[in-house]
Amino acid sequence: MWHKRQVQRPKSEGRSRGIDNPDAPRKILVIQLMRLGDVLLSTPAAALLRRRFPLARIDFLVGAPFADALRFNPNINTVLILPRGLWSRFRFFLKLRRNQYDWIIDFMANGTSAWAIGLSGAKERIVFESGFPSFVHNRSFPRPKERRYSALVKMDLVEQAAALLAGSPASQEDFEKNLPPKVFVQDDRLSAWKAVVESCGYQSAPLVFVSPASRQSSRRWKKEYFVELSSMLVRERGAHVVILWGPGERELAREIALLASHERVRLAPRLRRISDLAAFLGQGQLLITNCNGAKHVAVAMNVPTLTIHTSSDPIAWNPPPADSTNSQFPVIRKDDLWCIGCQKNICPYHMECAVGVPPRAVFNLAVRLLGVRKSYAANLA
């Protein structure tokens, strides 16, 4: 049985583009198996493929936990879900071969994706330069030399492939038109979460979401700082503050809500699906967050997002410009620290990059963002 989710493909813009090009691919598979942020940051590349090859069938292979992020994406024909278990995957890859893809674009470039590509029979197996042999990837392209937003890097691979293999280079307009990443949520889901917001009384004041967790300890701002920031938002701006959490993160979020000790600082409900997180975030005016998956969902929902960066590179993970001047997605970090952006998962020192960003500085930047955007709740009224 196919592990897939069929989505409706609406009419595409510029259908004449690629119709008369004999080198244009008819079937394309995009692979990004894991990490919510990486999956969402691949959606502009899928949009660019749709813009360049409007008549192509574009499928996307992804791990089951992240498939919901691609649901209803109009640039993707079919979301294929990678099964668990070696034998199940082997059979799945053999079935994948029957789709006869012309191109496979491998953003993952790991052992699992290599098996999928090696057994696919695809004519063009596209990747950034990697250590895999040519029978796995026969088209390797160089990565951009300069540091860039990850979504732009992925689009660059599509552009290089399209220019070389189909004589169809992308324009600057193509790149800009497809940013930032997008997650598509149905109106009934948005309306359901609007009702939740209204039942909680959140519509009476600015609704600010806080996401204090991150997979890596080196990417986490101090818990005590989140407590202080939440209290400031309530005392000085009258905001409602909702602390988000995911699997394994509830206790941290609960502690912050309890320590803030105010009825307007609450723990978020359990969000079982990415679409629920997106729809819930869509009701708010602001997300304040570490570098994590929730941040990318908020950006994809066009929710103003303030990211506190420590060990990670803001240029790679934020829509440009990746600094405090960004009017909708600003970044704050301790730029004068010698080890800032070290990329380490565990800090060998004392997390000076987190300690050195005071709650007042984050609060001041957050105040600037409040009011930038009406919530979906207001838009649906």
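Quick notes
- Straight-line cross-link partners of K334 among the aspartates and glutamates, defined as a Cα under 16 Å from its Cα and at least 8 positions apart when in the same chain: D313, D323, E352.
- Translational D in µm²/s for the range 187-380 (Stokes-Einstein at 25 °C, 0.890 mPa s, Kirkwood Rh from C-alpha pairs): 148
- The K223 and E173 beta-carbon pair, evaluated with R₀ = 41 Å, returns a calculated FRET efficiency of approximately 0.40.
- When you restrict to C-alpha pairs under 8 Å that are six or more residues apart and normalise by the size of the range 4-177, the relative contact order lands at 24 percent.
- FRET efficiency, 1/(1 + (r/R0)^6) with R0 35 Å, evaluated for Q343 and E236 via beta carbons: 0.50
- Between Q186 and R272, the FRET efficiency estimated from the beta carbon spacing at R0 = 22 angstrom works out to 0.90.
- The value of relative contact order for the chain, using C-alpha pairs under 8 Å at least six residues apart, is 15 percent.
- The range 125-168: Cα Rg divided by the 2.2 N^0.38 Å rule of thumb: 1.17
- With a cut-off of 14 Å between beta carbons, the residues surrounding D335 carry a summed charge of -2, where Lys and Arg count +1 and Asp and Glu -1.
- Choice from E263, E249, E173 showing the highest fluctuation, given a GNM over the chain with Cα pairs closer than 10 Å: E173
- Three-way shape label, the range 4-177, alpha-carbon gyration tensor, a/c 1.5: rounded
- Per-residue ellipticity at 222 nm computed for the chain from its helices equals -10000 deg cm²/dmol, with DSSP H segments shorter than 4 residues left out and the rest contributing -39,500 (n - 2.57).
- The chain: Cα Rg divided by the 2.2 N^0.38 Å rule of thumb: 1.02
- Maximal additional length on extending the S324-L258 stretch stands at 20.8 nm, based on 0.36 nm per residue less the C-alpha distance.
- Note on D23, D188: ascending count of other Cβ atoms within 10 Å places them as D188, D23, the fewest first.
- Farthest positive-ward along the range 4-177 dipole, Cα basis, beta-carbon charges - from S42, A163, L152: S42
- If you take all other residues with their beta carbon under 13 Å from the beta carbon of V183, and give Lys and Arg +1 and Asp and Glu -1, the sum is +3.
Any read-out appearing in this document is the output of simple, stated calculations on the displayed coordinates, not a laboratory observation. Small disclaimer: the values here were computed from a predicted structure and weren't measured. Positions of Cβ are generated from backbone atoms using ideal geometry, with glycine treated the same way; all protein chains shown enter the neighbour counts.
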